[in-house]
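For reference, the structure is listed below as C-alpha cells.
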Amino acid sequence: MGKNIFFEPKEPFLLSEIFSELKQKNKIKISDVKILQEASGTDLTFLDSIDYADIAKSTKAAYCLTTEKLKNFLPRTCTPVLVENVLFALCKVTKKLYPSADVDTPDKTIKAPKKSSFLKVKFGNNVLIGKKCKIGRNSFIGSNTIIENNVSIGKNCIIGSQVVIRNSIIGNSVIVQDGCKIGLKGFGFIPLKGKNLRFPHIGRVLIGDNAEIGANCTIDRGSINDTIIGKNTFLDNQVHVAHNTKIGNNCMIAGQVGFAGSSNIGDSVSIGGQAGVSGHLKVGNNAKIGGGSGVVKDVRDGAVVMGYPAVPLRDFLRNLKK
C-alpha cells in the first residue's frame, strides 16, 4: 500500500482501551489498522472470512480481530482478538485511529491555483486546488474542477470539467472526463438498531498510466486498503467502482457497469454495459462478461459468461432455446 499521505493515524493506543477483556502481557500499542498481507508488528489486522485463510497464515500483524472459528488460521506470532462481529469491532478501532475519516466534509482550504506553482499546466475557469497537490507538465484541468489536498496527477493528463478528485494518485497520460467523482468515501456502514454506524474509509484510489475514466464515473477510495484501476484500462460513462475494488491492466468496461466492494478483476477483461459484479469475487484474466449480466461467483481465466446469474455463454444460449 505504501505511505498514506491522505490520512494520518492518531497516537498509538493499547488495544485493551477498546477491548477490556484482552490481556496484554507485553502492552503492545496499536499504531495502525492494515489488511493481513500489509500489517506489521505494531498493526492490528482482521480476518472475517475463510476466503482469506491462506493469506492469514503468513500475516505479520501483532493482533487480529477474528472469530472462534477462524482463529486457528493465524500464525503463533499473531494474537487473536475474538469478537462476535469482526467488521463492527474493526470499525470501532478504525474510528479511534481516524476519527474524521467516516464523513467527507468539504475542504475549506482549497484555492485557485497559482500559475507559478504549476508550470506548463493549463487550467479552465473556477478551478480549485488543495495544498501539496502535484500536477505534471502538459496536463489540463477543466473548468469548475476541484482537486483536494495531496492529490497527485501525472504528466500529459486531461481532467475534465466539474470533476472532484480527493485521496487519489493518478498516473501519466490519464483522461478523466467531465463529472467524475474520484476518491470519495464508499458505501460502508454497520447496521445497528435505530442507527447506522459509518465505517471510516482510509484507503486511496490509484489510477495507472494511460487509463481513461468516462463521464460521470464514481470511483470510491478503499476502506482499509486501496481501490486500483490498472494501466490502459478504459471505463465508459457512468461506471461505479466501489471501495477496495481492483481492476487490472488493459480492461474495457462498458457503460453503467457496477462493481461491488473488494471485487478483483484481472487483466484484459471485457465487460458489457449494465453488468454487475458482486463483492469479494475474482474475475480472471481475459474473461468476457456479457452486457446486463449479474456475476455472483468467481469467473475463471478466459471464460465467457452471460445472464443472471452469469453462466458460461454456451449454457446461456442453450437456455434461450428452451
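The values are calculated or read from the model by the stated rules, or taken from the named source; none is laboratory data. Quick caveat, the model's predicted, so the values are computed rather than measured. We place every Cβ from the backbone using ideal geometry, glycine too, and count neighbours over all the protein chains shown.
Listing for the model above:
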| read-out | value |
| --- | --- |
| Region 131-147 residues that are outside the structural domain of residue 177 (by TED's automatic domain parsing), paired with ones that are exposed (fewer than 15 other Cβ atoms within 10 Å of the Cβ) and outside any loop (DSSP other than H, G, I, E, B) (beta carbon under 7 Å, 6 or more apart) | 140/122 |
| Residue 112 touching a Phe, Trp or Tyr at 6+ places or on another chain (Cβ under 8 Å) and surrounded by fewer than 15 Cβ atoms within 10 Å (Cβ to Cβ) | no |
| Qualifying residues in region 160-193 (those that are assigned to a loop (DSSP other than H, G, I, E, B), surrounded by 21 or more Cβ atoms within 10 Å (Cβ to Cβ) and of a type in the set (A, V, I, L, M, F, W, C)) - the one nearest to the chain's Cα centre (by Cα) | 180 |
| Among the candidates 109, 67, 79, residue that is polar (S, T, N, Q) and either under 20 Å from residue 223 (Cβ atoms) or assigned by TED's automatic domain parsing to the domain that holds residue 187 (or both) | 67 |
| Positions within region 78-117 being of a type in the set (Ser, Thr, Tyr) and not in a loop (DSSP other than H, G, I, E, B), in sequence order | 79, 94, 116, 117 |
